[in-house]
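**Student:** Okay, here's the structure, questions in a sec.
The values are calculated or read from the model by the stated rules, or taken from the named source; none is laboratory data. These numbers were taken from a predicted model, which means no experiment stands behind them. For neighbour counting, all protein chains shown are included, and Cβ atoms are generated from backbone atoms with ideal geometry for every residue, glycine included. These accessible areas exclude ligands, DNA and RNA; they are computed on the full protein's heavy atoms, side chains included. Shrake-Rupley method; radii C 1.70, N 1.55, O 1.52, S 1.80 Å.
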Amino acid sequence: MKIKVFAALKDYFDKDFLLEENLKTITDLKAHLAQQQPKALALLNLCRFAVDDEFVDLSHLIHENDEISVIPPSSGG
């Protein structure tokens, strides 16, 4: 699956990367990312996740060809 991160998450991860791990849900993905970068956990807990440009909840089942965006809160100005 292809992962894309935005804003402050780019301080912890490449802006897009591939994951080959067998993860079943968005919750699993979030835990995997936190394990890879423990300092990002607080930010990950605030993020929304989108699969193929549609927001999903944490129980959403993911597939190997999904494109998943991890989107932290942001403010405009």
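**Student:** So, counting K/R as plus one and D/E as minus one, what does the shell of residues with Cβ under 15 Å around A7 add up to?
**Tutor:** Computed value for this residue: +1.
**Student:** Can you tell me the orientation of helix 26-36 relative to the chain, as the angle in degrees between its alpha-carbon axis and the longest Cα principal axis, to the nearest 10?
**Tutor:** Helix 26-36 and the main axis of the chain meet at about 60 degrees.
**Student:** Grab the Cα-Cα distance for R48 and D11, subtract it from 0.36 nm times how many residues apart they are, and report the gain in nm with one decimal.
**Tutor:** Extending this stretch completely gives an extra 11.6 nm.
**Student:** Dipole size in debye (nearest 20) for segment 2-71 around its Cα centre, Lys and Arg Cβ +1, Asp and Glu Cβ -1? Could the numbers behind the result be given before it?
**Tutor:** Numbers: 8 positive and 13 negative charges, 78 e Å.
Here segment 2-71 has a charge dipole of around 380 debye.
**Student:** Of all the accessible heavy-atom surface of the chain, with the other protein chains kept in place and a 1.4 Å probe, what percent is carbon and sulfur?
**Tutor:** That fraction is 48 percent.
**Student:** Here is a follow-up. Roughly how many Å² is the accessible area per residue of the chain, as a whole number, for a 1.4 Å probe?
**Tutor:** In whole numbers, the chain has 66 Å² accessible per residue.
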